[in-house]
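The values are calculated or read from the model by the stated rules, or taken from the named source; none is laboratory data. As the structure is a computational prediction, the values presented were derived from the model and not from experiment. As a convention, Cβ positions derive from the backbone with ideal geometry for all residues, glycine included, and neighbour counts pool all protein chains shown.
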Amino acid sequence: MAKVRVNYTNKDYEAVRQELVQRIPTITDRWTDFNESDLGMVLLELFCGLGDMLLFYLDNQANEAYLPTARQRQNVINLTNLVNYRLDLPVAATTTLYFRLAAPLPGPLTVPRHTRCRATTDQGNVDFATAEDLVIDAGTLDGMVGGIQGVPAEETFVTDGSQGQVLRLTAKDIAQGSIEVWVGGVKWTEVRTFYESTPADAHYILATDALDQTSVTLGDGQYGLLPPSGQVVAVRHLKTLGAGGNIGKRLVNSLLDAVTFQGEQVKLTVTNIQVASNGNARESLDHARKQAPAELASLWRAVTKADYVALAEGFAGVAKAQVLDVNDCVNLGYYHVCVVIAPDGGGLPSQLLKDQVLAFLNDRKLLTVTVHVKDPVYVPIDTEAEIYVYRDYDRYAVLDAVMGKVREALAFDSVRFAQDIYFSDLVALLDGVEGVSHVVMSHPAADVPIHAGELAVEGTTNITALYVTE
């Protein structure tokens, strides 16, 4: 009996069908009708269809075993956990809240942490909470404190005495970094793993799956403290709108929680004196695929420029970062590193975000290095040109396409720090739109250099569409 070579790289329906049909003569000489109406061919093609689906899922499972090719969120979560990387939850927008009294008080006034404020926008109410206690000294009228977009919430559980008890939260819009766990009135500490936890350490682990369900895992008595049965566990967090919290300044206009002084409520106004920025949805798979290897390469320590960039861009709320040293800025001395950060969605980072990034990097830098965190500088690129359109095209439709190309090329997600804008690239961009005959670019008239710490952004775009003359 002749042997038919099986090509294991042909796994689609047609290839499988062809392989099976070629094998029929080696099995029997009585099957000679290969028409689609033949019952045997009907069954064969059914098996080919099932085989095609089965091979597709087998190939898919192989792809899911590698970070660059994995497409299912749970598999990306599992793979990044292997290198101690965890995907971010939705990121809450941050701003600076300004509180002002109607009249000075004889003693210090404390505005407690998580005091709620509200902004009224066209899209609805957006709630903020103070990030820490604010103390307005006696005789003064005002004070400023960082604000986080979100509504404080709490979920309670009761320990059952089992080892490694898992508490599953119901909320799915929890702000990144906002979870606190209190067991029996004592605040516990989050760790990534129980590897170094002793039986006396009040540690817990957080995990979020692909369906955005967050769970809290307590210790088992050997790795991490095992709480006794009947203890009340309070899990506090902020429920955030993510990117929906990015609002303009001076929109926060009401105080939801009463603030008291010596038992009496005081008159206090509040507003946000800074644009609320860096709010974002949960971390995307593309970002995780890029960020996890970068942080692994840094070993979570800031030594080289690449380390600082990887750690800063891995911080929740930071979209882009660039590191400046003495070679980039004459105002910097040796052993000084300036990290320029741009928040998610663009704009300027809040003071709270900069303080958080600075504290994060200070824990990972060399002892002899001083770190500074600064705002980016946005350089508007004004574009003025005339495009000449072929007469068999609608010039207004072509103009819309050209404007979209300019907007896309200079969008926040499309540019990087210190990326020069070349005159030839702009001309080629406009000239490459279908229907455009040629372009006369009047501004910019030459290449636009973008320096360290700067980002190009779309300025005034004035493009005129004209038909080609005969």
Condition broken by Glu283, with the remaining ones in (1) in a helix (DSSP H, G or I); (2) of a type outside the set (Phe, Trp, Tyr); (3) in contact with a helix residue (DSSP H, G or I) (Cβ under 9 Å, 6 or more places away or on another chain) satisfied: (1)
Could you please let me know if Ala316 is in contact (Cβ under 8 Å) with a residue 40 or more places away in the chain and under 28 Å from Ala465 (Cα atoms)? no
Taking the condition of being surrounded by fewer than 17 Cβ atoms within 10 Å (Cβ to Cβ) and under 16 Å from Leu255 (Cα atoms), how many residues in the range 75-115 meet it? 5
Selection from the range 249-267 of residues that are buried (at least 19 other Cβ atoms within 10 Å of the Cβ) and either over 31 Å from the mean Cα position of the chain (by Cα) or more than 18 Å from Thr121 (Cα to Cα) (or both): Val259
Condition check for Arg395: within 26 Å of Ala243 (Cα to Cα), of a type in the set (Lys, Arg) and outside the structural domain of Gly146 (by TED's automatic domain parsing): no
Could you tell me whether any residue of the range 233-251 is among the hydroxyl-bearing types (Ser, Thr, Tyr) and part of a loop (DSSP other than H, G, I, E, B)? yes
What's the number of the only condition in (1) touching a Lys or Arg at 6+ places or on another chain (Cβ under 6 Å); (2) in contact (Cβ under 8 Å) with a residue 60 or more places away in the chain that Ala292 fails to meet? (1)
Any chance the range 29-40 includes a residue that's part of a helix (DSSP H, G or I), surrounded by 11 or more Cβ atoms within 10 Å (Cβ to Cβ) and modelled with pLDDT under 90? yes
Go through (1) part of a loop (DSSP other than H, G, I, E, B); (2) hydrophobic (A, V, I, L, M, F, W, C); (3) surrounded by 16 or more Cβ atoms within 10 Å (Cβ to Cβ) one by one and return the number of the condition Val181 breaks. (1)
Here are Thr140, Thr198, Thr193, Thr217: which of them is assigned by TED's automatic domain parsing to the domain that holds Thr260 and of a type in the set (Ser, Thr, Tyr)? Thr140
Provide a single number: the residues in the range 55-105 that are modelled with pLDDT under 90 and assigned to a helix (DSSP H, G or I). 9
